[in-house]
Amino acid sequence: MKRAVFLDRDGVLNEVILRDGQPHSPIHLAEFRIVFGAKDALTALRRAGYLLIVATNQPDVARQIQSQCIVEIMHERLMAHLPLDDIQVCYHDDHHQCDCRKPRPGLLLRAAQQWGISLSESYMIGDRSKDLEAGRRAGCKTVLLRYPYNESHAVAADYRAASLLEATAWILGSRPQQEAPLRRSAAAALSLGAAYRLGRM
């Protein structure tokens, strides 16, 4: 079976919009910016043989704050600029009690069935407890991306990373009996992540 890295969207692949210190999804296309290092990180994961699948809650559509059309354009941009295989979206809000809204694992389970994925050999990367809970319920290992807006939250994770590049380095480094090219990819990703955090890039 195939392995995958599942990725939340906001705060993982694109920058969040902070209002009063709280993260929000971008509403306008002009606000939609892919995070630094995303393409390098995902390219390294792709070379290691992972499927790359976005699993995102977009409840602002149900709340009539955002249009589904704009969300789909944003996802077209992600697909055009990053080596993604699929984007799984939940447009519901909490009161819909759907199976696909994280922290429920429906998006991951659906993707696993569609793509033939071994969830126990897969990972979920997110910036919120809902992301990681969905990953745990699906049977994946979990990675939390640490930001000022979530540092005070008690979130259980298999690993905590300061960037998507660092998360990628950990995933590649945790594989048993890696081949040398994959080890080099992990080292390169970690080096880039360290340079970014130190303000060298």
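Listing for the model above:
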item	result
Residue selected from segment 163-185 under the condition modelled with pLDDT under 95 and assigned to a loop (DSSP other than H, G, I, E, B), by the criterion farthest from R104 (Cα to Cα)	E179
Subset of segment 138-154 (residues that are over 20 Å from F36 (Cα atoms), touching a Gly at 6+ places or on another chain (Cβ under 9 Å) and either in a loop (DSSP other than H, G, I, E, B) or among the polar types (S, T, N, Q) (or both))	T142
Per-region count, segment 22-49, residues in a strand (DSSP E or B) and more than 17 Å from D131 (Cβ to Cβ)	1
Enumeration of residues in segment 1-54 that are modelled with pLDDT of 95 or more and among the acidic types (D, E)	D8, D10, E15, E31, D40
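The values are calculated or read from the model by the stated rules, or taken from the named source; none is laboratory data. These figures come from a predicted structure and were not determined experimentally. Every residue, glycine among them, receives a Cβ derived from its backbone with ideal geometry; neighbour counts consider all protein chains shown.
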